[in-house]
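Asks: Structure incoming, see below.
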Amino acid sequence: MKIRAIGNLAILAATVALSYGMQVSKPHYAELTAPIPIDGAMHDTVRARSFDVRLDKVVFARTLKTEQFGQERLLTTSGLWAVATTNLAATGTSTTVADGTWQGPTGLRYHQTERLSYRQDMPPHAVDPGLDRSGLFVFEVPPDQIRGASVLIAARQFAPLDAQARISLDALPIGADGQPADVLPEYDMDAAVPSVQGKS
Amino acid sequence: MSAVSTDLEPAGDDRQAEKKGRRRSLVALAILLPLTLAETSYDSVREWLRGEDLIARDVEFGQSVPFGGSEWRLADLRGGKAGRLPEHTFAVIATFSVTVGDPDLQKQWLGCKVMLTDAAGRRWLPDFISGVSLPDGVMNCTSAIFSGAKKGDVITVGETFIVPEDAVKTIRPAVGLGSERPWFLRFQRPPK
């Protein structure tokens, strides 16, 4: 009888310990339903679920020059502007690619800028199967978040369990001070606008 | 046999009954669990089916079929090079002749989607192409919904698309409407 009581107690204690362990180690709901990353490097085509993306080029600049409502505007920043040029296509069905995030080496995330007004070459990018088009993603990042960074591109900002291209920027030329080798004083967004067709 | 002894050690008959009861509960669980799952997911599944064009209903060229309360017929499908399009891409215009049956288009045609499909199952949605416009008297699906068409009216619905060269040979126009999903119409190409 005594042994049985001790046995029951032991089972109870084990159950409590197990339950507590499961409770403290339970991943957050946002982690459970996080996007699924697909890794790639610059100049490689990364195949996400609904789109293909290739990061061709990243240009750094201290100011952005853009035209807004017929007026020239200079956008300054206390960090750096990073203008990423990508090549995009849909895999199966016409869709849009709308979300870009800059992830620094320590995991800090910088969402794409919303300071530019609507432009054809800015997200959301309308993409079609078999038709490559180029699209820009523009970020505002501190200079120390550039070495070892990656760019995350997804179809939508909140897309649980959908694919997210994670493109590492190891190929970027970085100077001895850890800063990008080439920083333009000014980047003109309208200097070379490719002719793109928009969604109706 | 006293009541006390029954509590501690059930007699043979009681034990049999208990065993039976447990077995029944187990069987009930096997039935009830899937039923609960089906019940709780029913709404989501229904919502999902209503939003997707999943099952194609093939239509011969020249044939009119009832869809979303109206009669749909593929009027024309033509493709060509357009001025500012990149190389190896074609502009395509698909037009449909629709005889309006149920004039409540805002309900019947909600979420109207005209698309092109190819042999590989890829799908293209309408694009705006600078320099290419729909012929006179042709409206796109969304404007048709708000055109105030009455029962018996024949309207022409059309959309423009950009497709790659390798798909042009096998593209077929398709139409999906909110009131008919998950079914959609897929039209046979006009004969050459």
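Asks: What dipole magnitude, in Debye to the nearest 20, does the protein assembly as shown give about its Cα centre under +1 on Lys/Arg Cβ and -1 on Asp/Glu Cβ? If you can, show how the numbers build up before the last one.
Replies: Numbers: 43 positive and 46 negative charges, 225 e Å.
Charge dipole of the protein assembly as shown: 1080 debye, to the nearest 20.
Asks: Determine the calculated [θ] at 222 nm for the protein assembly as shown from helices alone, applying -39500 (n - 2.57) to every DSSP H run no shorter than 4 residues and normalising by the residue count; nearest 500 deg cm²/dmol.
Replies: On the way: 7 runs with 87 residues, N = 392.
Result for the protein assembly as shown, helices only: -7000 deg cm²/dmol.
Asks: Can you find, among A:F158, B:S41, A:A5, the residue sitting farthest towards the positive end of the charge dipole of the protein assembly as shown, where Lys and Arg contribute +1 and Asp and Glu -1 at Cβ?
Replies: Going by the charge dipole, the pick is A:A5.
Asks: Relative to the first principal axis of the alpha-carbon coordinates of chain B, what is the inclination of helix B:12-51, with its axis defined by its Cα atoms, in degrees from 0 to 90 and to the nearest 10?
Replies: Tilt of helix B:12-51: around 10 degrees.
Asks: Net charge around B:V65, counting only other residues with Cβ within less than 12 Å of its Cβ (Lys, Arg = +1; Asp, Glu = -1)?
Replies: On the way: positive: B:R57, B:R73, B:R186; negative: B:D58, B:E60, B:E71, B:E180.
Residues near B:V65 contribute -1 overall.
Asks: Next question. Once Lys and Arg get +1 and Asp and Glu get -1 on their Cβ, which of B:P191, A:H111, B:G158 lies farthest toward the positive end of the dipole of the protein assembly as shown?
Replies: My answer, from the dipole projection, is B:P191.
Asks: Work out the count of Lys pairs in chain B where the Cα-Cα distance is under 20 Å, with the pair 8 or more places apart or on different chains. Walk me through the numbers before you get to the answer.
Replies: Working: B:K81/B:K169; B:K81/B:K192; B:K107/B:K150; B:K107/B:K151; B:K169/B:K192.
Total qualifying Lys-Lys pairs in chain B comes to 5.
Asks: Let me ask something else. Quick one: order B:K19, B:K192 from most to least accessible surface, probe 1.4 Å. Display every interim value, and only then the final one.
Replies: Working: B:K19 120, B:K192 220 Å².
Putting B:K19, B:K192 in descending order of accessible area: B:K192, B:K19.
Asks: Just to be sure I understand the interface: list residues from the stretch A:93-140 that lose 10 Å² or more of accessible area between the chain on its own and the complete protein assembly, 1.4 Å probe.
Replies: The answer is A:T93, A:S94, A:D128, A:P129, A:G130, A:L131.
Asks: A further question on this structure: Counting residues in the stretch B:102-170 as N, plug N into 2.2 N^0.38 Å and put the Cα Rg over that result.
Replies: Numbers: Rg = 14.1 Å, N = 69, 2.2 N^0.38 = 11.0 Å.
So the stretch B:102-170 has a normalised radius of gyration of 1.29.
Asks: Right, next: Determine the shielding of peptide B:128-135 by partner chains: average, over its residues, the number of Cβ atoms on other chains within 10 angstrom of each Cβ. Numbers along the way, then the final one.
Replies: Details: counts 5, 3, 4, 0, 1, 0, 0, 0.
Shielding by partners across B:128-135 averages 2.
Asks: Could you work out which residue, out of A:A155, A:A181, A:A89, moves most in a Gaussian network model of chain A, that is, has the largest mean-square fluctuation with Cα springs under 10 Å?
Replies: Maximum fluctuation in the GNM of chain A, among the listed residues, is at A:A181.
Asks: I would also like to ask the following. Taking the Cα centre of chain A as the origin, how large is its charge dipole in debye, to the nearest 20, when only Lys and Arg (+1) and Asp and Glu (-1) carry charge on their Cβ atoms?
Replies: Working: 18 positive and 21 negative charges, 225 e Å.
Dipole of chain A, to the nearest 20 debye: 1080 debye.
Asks: Taking the Cβ of B:G51 as the center, what net charge do the other residues with Cβ under 14 Å away carry, scoring Lys and Arg +1 and Asp and Glu -1?
Replies: Numbers: positive: B:R46, B:R50, B:K113, B:R181; negative: B:D43, B:E47, B:E52, B:D53, B:E180.
Taking every other residue near B:G51 into account, the sum is -1.
Asks: With the full set of protein chains in place, find how many percent of the accessible area of chain B is carbon and sulfur; take the probe as 1.4 Å. Walk me through the numbers on the way to the answer.
Replies: Numbers: 6520 of 11650 Å².
The C+S portion of the solvent-accessible surface of chain B is 56 percent.
Asks: Let me ask you something else. Considering chain A as a Gaussian network with a 10 Å cut-off on Cα pairs, which listed residue, A:V46, A:V183, A:V24, attains the greatest mean-square fluctuation?
Replies: A:V24
Asks: Please tell me the relative contact order of chain B in percent, rounded to the nearest whole number, where contacts are Cα pairs under 8 Å and at least six residues apart. Walk me through the intermediate numbers first.
Replies: On the way: 326 pairs, mean separation 52.9, N = 192.
Relative contact order, chain B: 28 percent.
Asks: Regarding the stretch B:1-153, what whole-number volume in Å³ per residue does the convex hull of its Cα atoms give? Walk me through the numbers before you get to the answer.
Replies: Numbers: hull volume 38.7 nm³, N = 153.
Normalising the Cα hull of the stretch B:1-153 by residue number yields 253 Å³.
Asks: Which ³J(HN,Hα) values, rounded to whole Hz and listed in residue order, are derived for the stretch B:129-144 from phi using the Karplus coefficients 6.51, -1.76 and 1.60 in 6.51 cos²θ - 1.76 cosθ + 1.60 with θ = phi - 60°, glycine and proline given as x?
Replies: Rounded to whole hertz, the list is 10, 5, x, 10, 10, 5, x, 4, x, 9, 10, 7, 4, 5, 5, 4.
Asks: A further question follows. Name the long-range amide H neighbours of A:F51: under 5 Å, sequence gap of 5 or more, or other chain; modelled H, no Pro or chain starts.
Replies: A:T91
Asks: When the Kirkwood radius is taken over all Cα pairs of the stretch A:53-200, what Stokes-Einstein diffusion coefficient follows at 20 °C and 1.002 mPa s, in µm²/s? Don't jump to the answer; show the numbers that get you there.
Replies: Values: Rh = 15.9 Å.
So the translational diffusion coefficient is about 135 µm²/s.
Asks: Please list A:164-173, A:34-43 highest first by mean number of surrounding beta-carbon atoms within 10 Å per residue.
Replies: Working: A:164-173: 18.3, A:34-43: 15.8.
Peptide ranking by packing, descending: A:164-173, A:34-43.
Asks: Follow-up question, since we're still on this one. Could you tally the net charge around A:R54, taking each other residue with its Cβ under 13 Å from the Cβ of A:R54, Lys/Arg +1 and Asp/Glu -1? Please report the intermediate quantities before stating the final value.
Replies: On the way: positive: A:R47, A:K57, A:R133; negative: A:D44, A:D52, A:D56, A:D132.
With Lys, Arg at +1 and Asp, Glu at -1, the net is -1.
Asks: In a GNM of chain B with a 10 Å cut-off on Cα contacts, which of B:R22, B:R73, B:R46 has the highest mean-square fluctuation?
Replies: Most flexible of the set in this elastic network: B:R22.
Asks: Can I ask one more? Where the only charges are on Cβ atoms (+1 Lys, Arg; -1 Asp, Glu), what is the dipole of chain B about its Cα centre, to the nearest 20 debye? Numbers along the way, then the final one.
Replies: On the way: 25 positive and 25 negative charges, 81 e Å.
That gives a dipole near 380 debye.
The values are calculated or read from the model by the stated rules, or taken from the named source; none is laboratory data. On a predicted model such as this, the values are computed, not experimentally measured, just so you know. Virtual Cβ from ideal backbone geometry, glycine too; neighbours counted across all protein chains shown. Heads up: the accessible areas ignore ligands, DNA and RNA and are worked out on the full protein's heavy atoms, side chains in. Shrake-Rupley method; radii C 1.70, N 1.55, O 1.52, S 1.80 Å.
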